[in-house]
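The values are calculated or read from the model by the stated rules, or taken from the named source; none is laboratory data. Given the structure is predicted, the values throughout are model-derived calculations rather than measurements. In this analysis, Cβ positions are derived from the backbone assuming ideal geometry, glycine residues included, and neighbour counts consider all displayed protein chains.
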2 protein chains.
Amino acid sequence: MSDSVVIGLDIGGTSTRATALTLTGERLGTGRAGGGNPTSHGAERAATELLTALRGALVGVDPTRVAAGTIGLAGAARLLADPAGRAAFDHAWHDAGLRCPYTVHGDALVAYASGTADPDGTVLIAGTGAITAQVRDLRLDRIADGHGWLLGDAGSGFWLGRESVRRLLADLDAGHALGPLATAVLTDLTGSAEIAARPRDTVDATIQVVTRRPPIELARLAPLVVTAAAGGEPVAQALIAEAAAHLADSVGRIRPPDAVTPVVLGGGLLTADTPLAAAVRAEVGRHWPQAPLRTAGDGAAAAAWLAARDLPEVTDPAALHARIFPTNP
Amino acid sequence: MSDSVVIGLDIGGTSTRATALTLTGERLGTGRAGGGNPTSHGAERAATELLTALRGALVGVDPTRVAAGTIGLAGAARLLADPAGRAAFDHAWHDAGLRCPYTVHGDALVAYASGTADPDGTVLIAGTGAITAQVRDLRLDRIADGHGWLLGDAGSGFWLGRESVRRLLADLDAGHALGPLATAVLTDLTGSAEIAARPRDTVDATIQVVTRRPPIELARLAPLVVTAAAGGEPVAQALIAEAAAHLADSVGRIRPPDAVTPVVLGGGLLTADTPLAAAVRAEVGRHWPQAPLRTAGDGAAAAAWLAARDLPEVTDPAALHARIFPTNP
């Protein structure tokens with residue numbers, strides 16, 4: 001067996017993770033650094049974080065053994081189109097002692113590959129935002145949603161947070177007693193569950209708190225909805241059901257009705273054991289009863305697997321995947 | 001009969017209108033100037049526009065005959081709480097030669113009073129935003145929505161515009177042929193109805209155009225929805241129906257189910273003969289079959305009527321209202 005090593009990087013908004021694997025799926029090392037997306041952090045900072053993560057993964061590993069690498073990040077197409085971003089990555093790669101080429105993939109493809117070795121299927125990601133992609137021959141093909149908070153991301157953390165505030169405001173308008181979710185949202189935003197003598201003052205105060213912050217921060221309220229739904233709160237459960245329907249609707253825009261390929265669920269709202277994950281599994285299972293349902297796992301390891309499967313000595317990429325992700329066949 | 005005169009001002013975002021009336025409802029003069037809301041235009045500019053509008057209405061009228069005045073504007077409560085804004089208005093009032101006091105009311109109350117003389121009822125306004133208010137003894141009582149584009153204004157021009165873009169993006173995601181509304185929206189935003197070889201490029205281009213502008217400019221697309229719905233376009237008609245349901249829902253938050261008081265429809269989307277106005281009339285008529293339905297009219301004249309009805313010599317304000325607004329009993 002070759003003693004080649006592959007390396008994978010998963011670059012997110014708040015962290016960069018690297019994993020070095022042998023071609024039998026053994027983890028040789030992992031590295032971690034801060035957010036390293038050149039679009040949001042700048043090329044220099046991104047290169048620094050990348051190098052830190054790479055060095056962590058390569059402790060005790062001769063970098064000349066590394067035969068291939070893959071970087072997964074949001075906005076991969078933008079990086080490839082940006083010479084400065086690409087140069088910064090090349091520089092970090094070289095400084096880590098790596099001499100092999102590397103490929104860049106979107107984070108959605110890496111999330112997909114962390115859930116299945118099947119070259120064709122669907123990935124549905126719900127975190128702060130929401131996006132769905134059809135994967136064909138391990139490339140992103142058609143995309144649904146991912147349109148951002150103003151125009152889309154239906155069923156995302158932003159969506160759940162915004163809807164929870166809208167329900168609160170509707171209750172205040174109507175003079176209804178506040179349920180547990182509305183109370184939690186009001187307390188989170190204004191620091192108190194008390195309603196002013198003129199309820200409109202509480203409405204105005206709530207709106208002011210929200211509009212003083214960047215809109216995307218509404219996603220911070222999503223865990224309140226998830227927790228309340230898990231506790232049986234009916235308003236929260238209705239929001240979760242609506243979010244799951246939106247997410248399934250996005251999948252339905254691009255996934256054929258008779259597809260039997262796997263569906264991989266990714267993003268913080270779907271990889272944890274949340275009521276939204278359960279509701280999405282039920283919705284997807286209802287529309288595509290034969291689809292194997294998978295959960296996204298370690299993105300850096302999936303990126304390393306994507307690098308490995310292009311090497312000539314890797315003759316059974318599915319078997320390698322099964323060794324790297326023993327719980328996600 | 002007294003030869004007293006009353007004056008009313010309707011201050012909007014883009015124009016300020018003034019009307020001088022006799023106590024028999026005769027229009028003595030009207031004036032017009034640019035937007036004069038001190039919150040959005042600054043106190044100095046607001047005072048200048050106010051004075052221009054007042055002078056226009058008072059051409060040939062001895063200002064000492066003016067016995068009372070009313071100013072209607074959005075955010076009236078804020079003006080009253082702001083000494084600089086109030087001082088600027090006092091100054092303009094004085095410079096126009098007026099020696100009587102004036103009152104300030106919210107634009108929603110003035111819109112209501114332009115539709116009915118009944119002291120109790122409901123006003124529903126849909127323009128760029130959407131707000132509903134219960135009126136009690138010609139004062140604004142409870143309010144529903146008016147929460148702004150990020151959290152509310154359901155069924156407003158902003159809402160219609162945003163939803164039209166969301167439907168367009170969903171069609172592009174799904175690879176559906178674009179209908180007349182989606183085609184009109186795409187052409188408005190990108191300058192062309194052509195879809196790129198990779199439809200995702202058209203999705204991205206559309207999102208970029210929208211997100212480069214202030215979000216509220218999505219309201220600019222509302223007329224496309226209205227026009228398409230009037231022409232029988234099914235997607236536009238569905239959006240109009242959904243918007244009407246949202247607006248009726250706002251009314252239902254604050255208007256008792258058995259109310260028989262008038263409902264006044266205001267704002268550009270409801271005072272014109274639009275499919276949305278027709279749909280809202282149907283929704284309101286379904287929920288409150290006994291409610292007289294009225295349409296908001298000349299706000300400056302309504303403000304003048306509000307000023308007149310507090311004068312001791314006006315013994316029958318309803319009769320005066322009927323003379324000022326002969327088509328809106």
Worksheet item: Does A:ALA319 count as within 20 Å of the chain's Cα centre (by Cα) and not assigned by TED's automatic domain parsing to the domain that holds A:LEU160?
Response: no
Discussion item. Looking at segment B:204-218, can you tell me whether even one residue there is under 30 Å from B:ALA308 (Cβ atoms) and of a type in the set (A, V, I, L, M)?
Written reply: no
Item to complete: Could you tell me whether A:VAL280 is surrounded by 18 or more Cβ atoms within 10 Å (Cβ to Cβ) and either more than 19 Å from the chain's Cα centre (by Cα) or within 17 Å of A:PRO119 (Cα to Cα) (or both)?
Response: no
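Considering each residue of segment A:111-126, count those that are away from chain B (no Cβ under 14 Å) and either of a type in the set (S, T, N, Q) or in contact with a Leu (Cβ under 6 Å, 6 or more places away or on another chain) (or both), and give that number.
Initial filter on segment A:111-126 (away from chain B (no Cβ under 14 Å)): A:111-121, A:123, A:125-126.
Still in the list and also either of a type in the set (S, T, N, Q) or in contact with a Leu (Cβ under 6 Å, 6 or more places away or on another chain) (or both): A:113-114, A:116, A:119, A:126.
Residues that pass the stated criteria total 5.
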Fill in: Residue list for segment A:134-158, filter: more than 10 Å from chain B (Cβ to nearest Cβ), buried (at least 22 other Cβ atoms within 10 Å of the Cβ) and not aromatic (Phe, Trp, Tyr)
A:GLN134, A:VAL135, A:ASP153, A:GLY155, A:SER156, A:GLY157
Worksheet entry | Filter result for the condition that a residue is under 14 Å from the mean Cα position of the chain (by Cα), buried (at least 23 other Cβ atoms within 10 Å of the Cβ) and touching a residue at least 60 places away in the same chain (Cβ under 8 Å), over B:GLY161, B:GLY127, B:GLY115, B:GLY121 | B:GLY115
Worksheet entry | A:ASP258, sole failed condition from (1) of a type outside the set (Val, Ile, Thr); (2) touching a Phe, Trp or Tyr at 6+ places or on another chain (Cβ under 9 Å); (3) farther than 28 Å from A:PHE325 by Cβ | (3)
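Which one of these is within 13 Å of chain B (Cβ to nearest Cβ), surrounded by fewer than 16 Cβ atoms within 10 Å (Cβ to Cβ) and not hydroxyl-bearing (Ser, Thr, Tyr): A:PRO256, A:PRO215, A:PRO199, A:PRO234? Break it down stepwise before answering.
Working: A:PRO215 fails: surrounded by fewer than 16 Cβ atoms within 10 Å (Cβ to Cβ); A:PRO199 fails: surrounded by fewer than 16 Cβ atoms within 10 Å (Cβ to Cβ); A:PRO234 fails: within 13 Å of chain B (Cβ to nearest Cβ).
Going through A:PRO256, A:PRO215, A:PRO199, A:PRO234 in turn, just one is within 13 Å of chain B (Cβ to nearest Cβ), surrounded by fewer than 16 Cβ atoms within 10 Å (Cβ to Cβ) and not hydroxyl-bearing (Ser, Thr, Tyr): A:PRO256.
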Worksheet entry | Only one of A:LEU79, A:LEU50, A:LEU21 that is surrounded by 23 or more Cβ atoms within 10 Å (Cβ to Cβ), over 18 Å from A:ARG99 (Cα atoms) and touching a Phe, Trp or Tyr at 6+ places or on another chain (Cβ under 9 Å) | A:LEU79
Worksheet item: Just one of B:ALA248, B:ALA244, B:ALA229 is more than 14 Å from chain A (Cβ to nearest Cβ) and either more than 11 Å from B:LEU181 (Cβ to Cβ) or outside any helix (DSSP H, G or I) (or both); which is it?
Response: B:ALA244
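When you go through A:ARG86, A:ARG32 one by one, which is the residue that is assigned by TED's automatic domain parsing to the domain that holds A:ALA302 and in contact (Cβ under 8 Å) with a residue 24 or more places away in the chain?
A:ARG32
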Item to complete: Would you confirm whether any residue within segment B:48-56 is of a type in the set (Asp, Glu) and more than 23 Å from the chain's Cα centre (by Cα)?
Response: no
Item to complete: Just name the residue that is modelled with the highest pLDDT out of those in segment A:1-43 that are closer than 22 Å to A:ASP82 by Cα and hydroxyl-bearing (Ser, Thr, Tyr).
Response: A:THR16
Worksheet item: Any idea which of (1) touching a residue at least 60 places away in the same chain (Cβ under 8 Å); (2) assigned by TED's automatic domain parsing to the domain that holds A:ARG17 is the one A:ALA245 doesn't satisfy?
Response: (2)
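I'd like to verify a number: residues in segment A:274-302 that are within 28 Å of A:ALA68 (Cβ to Cβ) and either in contact with a His (Cβ under 7 Å, 6 or more places away or on another chain) or hydroxyl-bearing (Ser, Thr, Tyr) (or both), how many? Walk me through how you get there before you give the answer.
First pass over segment A:274-302, keeping only residues within 28 Å of A:ALA68 (Cβ to Cβ): A:292, A:294-302.
Of the ones still in play, those that are also either in contact with a His (Cβ under 7 Å, 6 or more places away or on another chain) or hydroxyl-bearing (Ser, Thr, Tyr) (or both) are A:295.
Residues that pass the stated criteria total 1.
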Discussion item. Quick check on B:LEU239: is it surrounded by 18 or more Cβ atoms within 10 Å (Cβ to Cβ), outside the structural domain of B:GLY106 (by TED's automatic domain parsing) and under 28 Å from A:GLY252 (Cα atoms)?
Written reply: yes
Worksheet entry | Residue that is nearest to the chain's Cα centre (by Cα), among those in segment A:208-230 that are under 15 Å from A:ALA277 (Cα atoms) and β-branched (Val, Ile, Thr) | A:VAL226
Worksheet item: With A:THR206, A:THR295, A:THR271 as the choices, which residue is at negative phi and either in contact with a Gly (Cβ under 7 Å, 6 or more places away or on another chain) or crowded, with 22+ Cβ neighbours inside 10 Å (or both)?
Response: A:THR295
Worksheet entry | Members of segment A:169-194 found to be more than 9 Å from chain B (Cβ to nearest Cβ) and in contact with a Ser or Thr (Cβ under 7 Å, 6 or more places away or on another chain), listed by number | A:LEU172, A:LEU181, A:VAL185, A:LEU186, A:LEU189, A:THR190, A:ALA193
